[in-house]
1. In the stretch 184-242, how many residues are farther than 21 Å from residue 286 by Cβ, outside any helix (DSSP H, G or I), at pLDDT 95 or above and of a type outside the set (A, V, I, L, M)?
2. Between a residue in the stretch 52-72 that is in contact (Cβ under 8 Å) with a residue 12 or more places away in the chain and any residue that is of a type in the set (Lys, Arg) and part of a helix (DSSP H, G or I), which pairs come within a Cβ distance under 7 Å, given they are 6 or more apart or on different chains?
3. Considering only the stretch 29-49, how many residues are aliphatic (A, V, I, L, M) and within 13 Å of the chain's Cα centre (by Cα)?
4. Could you pull out every one of the helices (runs of 4 or more DSSP H) wholly within the stretch 1-106 that has 2 or more residues that are surrounded by fewer than 22 Cβ atoms within 10 Å (Cβ to Cβ) and modelled with pLDDT under 95?
5. Would you please name the residue that is nearest to residue 197 (Cα to Cα), looking only at residues in the stretch 291-314 that are without any contact (Cβ under 8 Å) to a residue 12 or more places away in the chain and loosely packed, with under 15 Cβ neighbours inside 10 Å?
6. Please go through the stretch 247-290 and pick out each residue that is surrounded by 13 or more Cβ atoms within 10 Å (Cβ to Cβ), in contact (Cβ under 8 Å) with a residue 12 or more places away in the chain and in a loop (DSSP other than H, G, I, E, B).
7. I'm trying to understand the selection: among the residues of the stretch 119-155, which are surrounded by 14 or more Cβ atoms within 10 Å (Cβ to Cβ) and not in a helix (DSSP H, G or I)?
8. Evaluate the following for residue 166: is it hydrophobic (A, V, I, L, M, F, W, C), under 13 Å from the mean Cα position of the chain (by Cα) and within 17 Å of residue 235 (Cα to Cα)?
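The values are calculated or read from the model by the stated rules, or taken from the named source; none is laboratory data. Remember, predicted model here, so these are calculated numbers, not experimental data. FYI the Cβ positions are ideal-geometry reconstructions off the backbone, even for glycines, and counts take in every protein chain you see.
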Amino acid sequence: MKRLSEYAAEVASAIKGLDLEGREPSRLYSPIEYAMNAGGKRLRPCLTLMTAEAFGASISEAMSAALGLEMFHNFTLLHDDVMDKSDMRRGRPTVHVKWDENTAILSGDTMLTLAEGLMMRVADDKLRRVMEIFNRMSLEVYEGQAYDMAYEERESVSVDEYIEMVRLKTGALLGACAEIGAVIGGASDASAACMREYGEMLGIAFQIEDDWLDTYGTAEIFGKPIGGDINNGKKTYLLTYGLGVGGADSEALRTAVKLPAGDLRVRTVTRIYDKMGLSQQCRDAIARYSSKALEAVKRSGLSEAAVEPFKAMLDKLTGRRS
């Protein structure tokens, strides 16, 4: 049974094999090389490889799809950082800060085309199904981002609306990674659907954990300054739950998020979160969606031993703490 770090090492080696460094024009490809070698957990390609192996495929059979999904993920990050005006990503300046916004957009567009090219290297007998999943996922990710942007302009968003947005924006890609890995491994449609559900529930739990870390983590672990979501008016699990409770605390929170961006807004909102017990609400939600993910993979037909790495992934990714 491979560990996540072992899959990540294989992915990192394969990324170097893409020969992005030194490719011309450098203004187009250097930002791509910079983004793809920024480190990180390589969660998405690792999940693809892990699922493919669990259902009987080799690493080499699944690697091109794993790289394509990682390339697609990083394409979305380049564009997200422009839209969110984020200055840091994984502890480094974002592409639009290191270069400029036009470069980030164009390099991101190029990454999408490169991702599609990598996906097309899947074996012919699996290719149509894999590309159907990839294209469906892509649209869902874009829909999730559209909801995310729209929700920034709304005073309140329900928890259910937030969860569906996260399922689309974050869960859809993780679900596709697991589903595509299963398809490459020769899984039945029913088993592949279970793996998709695992990925989607993992994605929701992972995003709620991310929300929690943005307020209660540290910049060293989170890779970005703490409080960015509060200052940017992002609708997180903490905020949507807090505004939906009603009463004096919800009204105080509604007022606090309208303070000028800065340390005062972050401190004031965090104090209200503490008073409402929203940190624990977050932890409970993470545990709930993690349980749903584990239930899904157990229905996939994999052996108990084959399920264990997926449980370990859940435990690792939803237990990040400061």
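1. 3
2. 69/44; 70/44
3. Quick first cut of the stretch 29-49, residues aliphatic (A, V, I, L, M) only: 32, 35-36, 38, 43, 47, 49.
If we keep only those that are within 13 Å of the chain's Cα centre (by Cα) as well, we get 43, 47.
Of the residues in that region, 2 qualify.
4. Numbers: elements: 4-16, 26-36, 43-54, 59-84, 95-98.
It comes to 4-16, 59-84.
5. 295
6. 257, 261
7. Across the stretch 119-155, the qualifying residues are 120, 122.
8. On the way: hydrophobic (A, V, I, L, M, F, W, C): yes; under 13 Å from the mean Cα position of the chain (by Cα): yes; within 17 Å of residue 235 (Cα to Cα): yes.
So residue 166 fits the description; yes.
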